[in-house]
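Participant: One structure follows; several queries about it will come next.
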Amino acid sequence: MSSIPLNLQAVRQRIESATRAAGRPPRSVRLLAVSKTFPPEAVREAAQEGLRDFGENYAQEGIEKIRELSALGLTWHFIGPIQSNKTRTIAEGFDWVHSIDRAKIAARLAEARGPGRSELQVCIQVNVSGEATKGGVAPSEAAQLAEQVAVLPRLKLRGLMAVPEPTPDEALQRRRFGQLRELRDRLNRDGFAMDTLSMGMSADLEAAIAEGATLVRVGTAIFGERRG
Ligand SMILES: *Cc1c(COP(=O)(O)O)cnc(C)c1O
């Protein structure tokens, strides 16, 4: 028997306790199941447990699952690095893109999103831990990119996303997530209306929820360890 239903129950409990501990309203944190490297059957099984939001890092792998599972009416989120030759695939297949970190990529996504479709929901990825290899704009450049994204047609700027470098130090986790929240609040005071903070994964979702995450992206804790 698969462990997905039990894993999911445990993750939902973790989210619920963290939400309550933070004094936040119940169901104020959305669970995005990161299904990268797992087969469509795993997604189908999680969907049977009531999950609607799924995240993928690789455009080709994602689009194959999206096509195969289209009858389920799920919401698909692209959360990986965006290569410019994949913008069409992403804009056509996905509902959300969390990992925008360049104006040029945002413009290509806007261009590729069919006029007959709903707006593509997007977040700007911010590199809060300053790692050279990580995707994401520097916090100091986020305002400029937000301005460029907000004026594009067929994209709706929903918020900010971060993947801080993993650390067991909970105080440091909180500081990184807190930085993203403060940045979002500051941008909103400057006139943006971003309702989404996409932060927190299997290992650090409690810290993210304590700092205001509205959406956590959880893979391993739901589907198990990824191979390769
Ligand atoms: C893989 C991935 C996740 C999920 O990570 P887990 O530690 O397996 O929960 C979340 N966000 C991004 C951007 C990822 O690439």
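Participant: Does any residue of region 205-225 turn out to be modelled with pLDDT under 95 and touching an Asp or Glu at 6+ places or on another chain (Cβ under 6 Å)?
Facilitator: Looking through region 205-225, none of the residues is modelled with pLDDT under 95 and touching an Asp or Glu at 6+ places or on another chain (Cβ under 6 Å).
Participant: Given the conditions (1) closer than 16 Å to residue 103 by Cα; (2) at pLDDT below 95; (3) open to solvent by 40 Å² or more (accessible area, probe 1.4 Å), which single one is not true for residue 141?
Facilitator: For residue 141, the exception is condition (2).
Participant: Sticking with this one: Among the candidates 82, 15, which residue alone is buried (at least 19 other Cβ atoms within 10 Å of the Cβ), β-branched (Val, Ile, Thr) and over 18 Å from residue 158 (Cβ atoms)?
Facilitator: 15
Participant: Can you confirm whether residue 20 is away from the ligand (no atom under 16 Å from the Cβ), within 21 Å of residue 161 (Cβ to Cβ), surrounded by fewer than 16 Cβ atoms within 10 Å (Cβ to Cβ) and among the charged types (D, E, K, R)?
Facilitator: Judged against the criteria, residue 20 is not a match.
Participant: Are any residues in region 211-228 assigned to a loop (DSSP other than H, G, I, E, B) and near the ligand (Cβ under 10 Å from one of its atoms), and if so, which ones?
Facilitator: Hits for region 211-228 are 219, 224, 225, 226.
Participant: Within the set of pairs 6+ apart or on separate chains, which have a first residue in region 163-174 that is farther than 11 Å from residue 208 by Cα and within 16 Å of the ligand (Cβ to nearest atom), a second that is part of a loop (DSSP other than H, G, I, E, B) and not charged (D, E, K, R), and C-beta atoms under 8 Å apart?
Facilitator: Within 8 Å, the pairs are 165/129; 166/203.
Participant: Would you mention how many residues in region 57-78 are of a type outside the set (S, T, N, Q), touching a strand residue (DSSP E or B) at 6+ places or on another chain (Cβ under 8 Å) and over 16 Å from residue 30 (Cα atoms)?
Facilitator: The qualifying residues number 4.
Participant: Pairs under 7 Å by beta carbon, first residue under 20 Å from residue 28 (Cα atoms) in region 176-205, partner open to solvent by 10 Å² or more (accessible area, probe 1.4 Å) and acidic (Asp, Glu), six or more apart or different chains?
Facilitator: Matching pairs, first to second residue: 177/211; 178/211; 181/211.
Participant: Still on this structure, I have one more. Between residues in region 215-228 that are over 9 Å from residue 33 (Cα atoms) and residues that are open to solvent by 30 Å² or more (accessible area, probe 1.4 Å) and more than 6 Å from the ligand (Cβ to nearest atom), which pairs lie under 6 Å by C-beta distance while being six or more apart or on different chains?
Facilitator: So the pair list comes out as 215/30; 226/37.
Participant: Just the residues that are in contact with a helix residue (DSSP H, G or I) (Cβ under 9 Å, 6 or more places away or on another chain), open to solvent by 50 Å² or more (accessible area, probe 1.4 Å) and touching a residue at least 40 places away in the same chain (Cβ under 8 Å), please, taken from region 144-162.
Facilitator: 148, 153, 154
Participant: Next up: Being open to solvent by less than 10 Å² (accessible area, probe 1.4 Å) and over 17 Å from the mean Cα position of the chain (by Cα) narrows it down to one of 186, 113, so name that one.
Facilitator: None of the other options fit; the residue is 113.
Participant: Just wondering, is there one or more residues in region 39-58 that are within 12 Å of the ligand (Cβ to nearest atom) and either open to solvent by 50 Å² or more (accessible area, probe 1.4 Å) or closer than 18 Å to residue 155 by Cα (or both)?
Facilitator: There is at least one residue in region 39-58 that is within 12 Å of the ligand (Cβ to nearest atom) and either open to solvent by 50 Å² or more (accessible area, probe 1.4 Å) or closer than 18 Å to residue 155 by Cα (or both).
Participant: If you don't mind, another one. Which condition from (1) of a type in the set (Asp, Glu); (2) under 20 Å from residue 81 (Cβ atoms); (3) open to solvent by less than 70 Å² (accessible area, probe 1.4 Å) is the one that residue 211 breaks?
Facilitator: Answer for residue 211: the failing condition is (2).
Participant: Further, regarding this structure: Look at region 97-131 and say how many of its residues are closer than 23 Å to residue 179 by Cα and of a type outside the set (Asp, Glu).
Facilitator: Selection size over region 97-131: 16.
Participant: Just checking, does region 84-97 include any residue being within 26 Å of residue 190 (Cβ to Cβ) and within 16 Å of the ligand (Cβ to nearest atom)?
Facilitator: yes
The values are calculated or read from the model by the stated rules, or taken from the named source; none is laboratory data. In this text the structure is predicted, and so the values were computed from the model without any measurement. Positions of Cβ are backbone-derived with ideal geometry, glycine not excepted, and every protein chain shown enters the neighbour counts. To get the accessible areas, we keep the full protein, side chains included, count just its heavy atoms, and leave off ligands, DNA and RNA. Shrake-Rupley method; radii C 1.70, N 1.55, O 1.52, S 1.80 Å.
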